[in-house]
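What follows is one structure encoded as structure tokens, with my remarks underneath.
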Amino acid sequence: MCGIAGFTRFHQTTGDIDTLKAMGNAIFHRGPDAGGEFLDDGVGLSHRRLAIIDLSPAGVQPMYSADNNLVIVFNGEIYDFQALRDELAAQGYPFKSRSDTEVLLALYQRDGEKMMDRINGMFAFAIWDKTKQTLFLARDRLGKKPLYYYQHDGYFVFASEIKAILQLPAVQRQLRPDAIYDFFTYQYIPDPKTIFQHIHKLEPGHTLFIDRQQIRKQRYWDVSFRNVQNKPAETTADELLNIIEHCVKSRMVSDVPLGAFLSGGVDSSGVVGLMARNSSQPVTTCSIGFDSEQFDEVHYAAKIARQFNTDHHEFTVKENVEDNLEQIAAYFDEPFADPSLVPTYFVSKLARQQVTVALAGDGGDESFAGYSKYAVDQVENNIRRWIPTPVRKHLLPRLASLFALSHHTIARKANTLLKALSHDPAYGFFLTNSFFSEELWQRLVRDDFKQTLAGYHPASVTLEHYHKADGPDHLARILYTDFKTYLPGDILVKVDRMSMANSLEVRAPLLDYTVVEYAASIRSDLKLHNSDKKHILKKAFSRLLDHDTLYRKKMGFAVPLAEWLRVQIKDKAEHLLFHSSTGLCNYFKMDQVKMIWDDHQRGTRDYSSELWSMLMFQLWHNRYAHSAA
């Protein structure tokens, strides 16, 4: 696992070797083992290496093809590289190393851009062709590895993280108003936007081709829900388990110590069980707990550790939050507010003390409908069908408004439910995903910022993907939507930044594209079955896990956020929110923010999600305010 960066020099003399070194140093944490640069008249490339496969100097990057014409910088792992290497070697391609990087070079030399159909892994890479003077960039199918690029005024710059791009003085830092609205709605900024006007995310499953005349973006993969199979549930469960086990085994190839994250939930427990079944040594497992029984899962993880005889390690998050919050937030180069970033950071830190590679259970919820919001959405749709359209369109919004500003939790839930029912299923799903109610947003946002937004609304992000989906039913369409928004924008960003902050590689077998494609072919009623979430995945994992593990209430790496804001980080949060001269106050009416802060402190209403988003925005802004505008 590594970090990459670079730029073209077609129209601007963007930088030199020192610039490339600065870009690499900005993402040193992604690859502390080695670094290197390449510079010619057309491009500059920089690489930081975390050695996982082939620890010898032959695996160092930038790496050159056998004929010295191609140069690559690569971040990630290719899980089928050994079979591809054998195939290419049989055709006469020479190899000097055992690395998957060299396989990518040979494959591009043979197949060009069509190489993307042959590789399975998590990756972001750039290949420079000296003869043709072309640069080819690619990101993996699901977006497990990040790739950002700056395109403006003749400049093209790319990197694994924005902080490397910002090393170039020519890069402009104007903020995107619509991205700010997106952030407060979703707690992250959806692809392909970033917080900066001219910096973009390359979407998962896409490539970029650049020469002196053009920059061409192309999609090479997308998940389809169109072809639904009609196999018996037992057959489906057996096939699914076989596919997942193959993906787990392929991710256990490593030249460095390997282990797993273990929460004690269905996904991580299933992965650990399959690892144990395919390992001659005890699997190293790591878990995070909280000094709050309501949110602590360590005893569930310990049970699984005993079942599979793992080498188990635990860490409890107590006073560490306030002491580490600013440092943790600094690893995100744009506002990001999923509160589970905190335990993800600490479990990565714990794991790195034991291993260099960790397997995780990410992806099970998105493929198999594991989140509570899917079950809630199903109930809403069942109710919606029985309500006459005039009542739904006209009466329910009025009833919702009666609860809009109530301090009671039940009233807030009633408001959300009534609003969701008054809209069609697509917009109702957006409301389920929104962390800021429309009423609260209108109450807090400054009039001048509202005018800057020019009528933009973040619902357009959800609705665009929902209506592009090819699934036969509503659940298939919202799963597709989360694959395009929540998964790459939130879950995978969180895991990548927090693991890379600790120079740890995380692999997710349930996000192998073969698992995702097979899951997309399974009927929706086998995923969400009479409100039983992840029904078919549980059936598959029932070969490994007991009933209590499979059917206990999901906790999902939740954190005691309301308590943190009232106790552990109260003073820090209050100082940051109300004693900063720029940042949140540029967009919100601070007297109104103070009112909801006081309501939260008194316990009359829980504003933890909204206040946490504001705090994370302010922490981000403090780091960039010196030059952002």
Once the piece of chain linking His579 and Asp41 is laid out straight, how much longer is it, given 0.36 nm per residue of separation minus the C-alpha distance between them?
188.8 nm
If you wrap a convex hull around the C-alpha atoms of the range 498-538 and split its volume per residue, what is the figure in Å³?
90 Å³
What is the antiparallel percent of DSSP beta bridges lying wholly in the chain, to the nearest 5?
75 percent
Quick check: pseudo-label points 7 Å beyond the Cα along Cα→Cβ at Asp548 and Lys21, how many nm apart are they?
5.9 nm
Provide Ser46, Ser499, Ser280 in ascending order of the number of other Cβ atoms located within 10 Å of each residue's Cβ, fewest first.
Ser280, Ser499, Ser46
Please give the net charge around Thr285, taking every other residue with its beta carbon less than 10 angstrom from that of Thr285, where Lys and Arg add +1 and Asp and Glu add -1.
-2
Once the cut-off is 21 Å, how many percent of the Cα-Cα pairs in the range 372-482 end up in the long-distance tail?
42 percent
Based on other C-beta atoms within 10 Å, arrange Thr604, Thr8, Thr284, Thr462 from fewest to most.
Thr604, Thr284, Thr8, Thr462
Alpha-carbon radius of gyration plus Dmax, which is the widest Cα pair, for the range 2-219 in Å
16.8, 54
For the range 1-100, run through the trypsin sites (Lys or Arg not before Pro) and keep only the ones in DSSP coil with at most 16 other Cβ atoms within 10 Å of their Cβ.
Lys96
What does the charge count near Glu380 come to, summing +1 for each Lys or Arg and -1 for each Asp or Glu among other residues with Cβ under 15 Å from its Cβ?
+4
A student asked for the Cα radius of gyration and Dmax of the range 561-624 in angstrom ought to give 10.9, 34
Can you list the equivalent-ellipsoid semi-axes of the chain, largest first and in whole Å, using the square root of 5 times each Cα gyration tensor eigenvalue?
38, 31, 25
R0 of 45 Å, Cβ-Cβ distance Gln133-Ser521: FRET efficiency to nearest 0.05
0.60
Could you please report the charge total around Leu510, scoring K, R as +1 and D, E as -1 over all other residues with beta-carbon less than 11 angstrom from its beta-carbon?
-2
For q = 0.19, 0.20 Å⁻¹, Debye-computed log10 I/I(0) when each Cα of the range 500-603 counts as one equal scatterer
-0.97, -1.04
Multiply the residue separation of Asn242 and Met590 by 0.36 nm, subtract the distance between their alpha-carbon atoms, and state the gained length in nm to one decimal.
119.8 nm
In the chain, taking the dipole from +1 charges on Lys and Arg beta carbons and -1 charges on Asp and Glu beta carbons about the Cα centre, the listed residue (Leu241, Val461, Trp128) farthest towards the positive end is Val461
Can you compute the modelled spin-label distance between Leu399 and Glu439, with each label point 7 Å from Cα toward Cβ, in nm?
1.5 nm
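Just so you know, all these numbers are worked out from the coordinates, no wet-lab data involved. Keep in mind the model is a prediction, meaning the values are calculated, not measured. Cβ: placed from backbone, ideal geometry, glycine included. Neighbour counts: every protein chain shown.
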